[in-house]
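Heads up: the structure comes next, in structure tokens.
Since every read-out is calculated from the coordinates, none of them should be taken as a lab result. Since the model is a prediction, treat every value here as computed from it, not as a measurement. Heads up, the Cβs are rebuilt from the backbone with ideal geometry, glycines too, and the neighbour counts pull from every protein chain shown.
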Amino acid sequence: MKRLLSVLIIALCVQASLAQIDTSKVIQVTFDEDLAHDPLVLVYHSMGDVNVQGHENNDVFVYAQELLPSAEFLFNRNNQEAFYAFVNERTGSIRKMNRSKNFLITQEDHVVRISTDLFSLNTNVFVLVPEPTSVAVNVAHQGNISIEGIAGNVEANTDFGSINMTDVEGSILANTKTGQVVADFSNTGLQRPIYLSSFVGNIEVIVPQDTKHNLALHTELGKLYTNFNQNNELAAAQVAAQRPRERNRITFALNGGTLGAGTDFVVKTIKGDIYLRHNE
């Protein structure tokens, strides 16, 4: 238990540059042994970043980091001090003074739900989950999503923010309206179908050099880049697609994949570039 809390604290310090963490605010959810083989964690967040990381244990640990001073903190100081604290500690365009976190965690069988409401705009959420966990994260407004070391399936959605995924073994559905998407499969390889999309933003996918998959890459107003060599069908597909409407919309087999057997790798962006590269 102490080791797991230490891991969580270290991760939070690195990712959020926290000066101090109150371990009493770390919430633990324990799965029964018969439910731990197929856990599902759902995160519904109003505004702020969500960071999810897998670990070798059956427990879920959740921590919420306040980004702005609470209403109680502000009301206990005179107006000048309160205004000074608010101006110096606020982020972005957040203006509301009601800063209670209204943070809720529930568990039903193998499903854990983590949710915040409209007045939780001052919170970043950090979650440690068992490695087999499937994860669905939805940020209603503005916030980045980071998911790492998950063997289950992943769904990630945010209106305004970036999505970063590392060492995810399951299927992926990731969408952002404005922000970049980065998916790094250097260590795990691309094992399940993925669908990545961004309305405005670049998308980067990193895979092992010997990856064999069918890919569909589509950008309306951007360009396609890759460091795969001329032996791959990607180069031929790029040369063949010369008509304006098709230049940046290609489907191809990578490293001898079976073209036409079903596309299991889809990347789409309207205004942004697509980078497909192998790890060096």
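The largest-to-smallest principal axis extents of the Cα set in the stretch 145-208 are 27, 20, 17 Å. Here r is the Cβ-Cβ distance between ARG277 and GLN191 and R0 is 25 Å; the resulting FRET efficiency, rounded to 0.05, is 0.85.
Available extension along the chain between ASP59 and ALA136 is 26.0 nm, counting 0.36 nm per residue and deducting the alpha carbon span.
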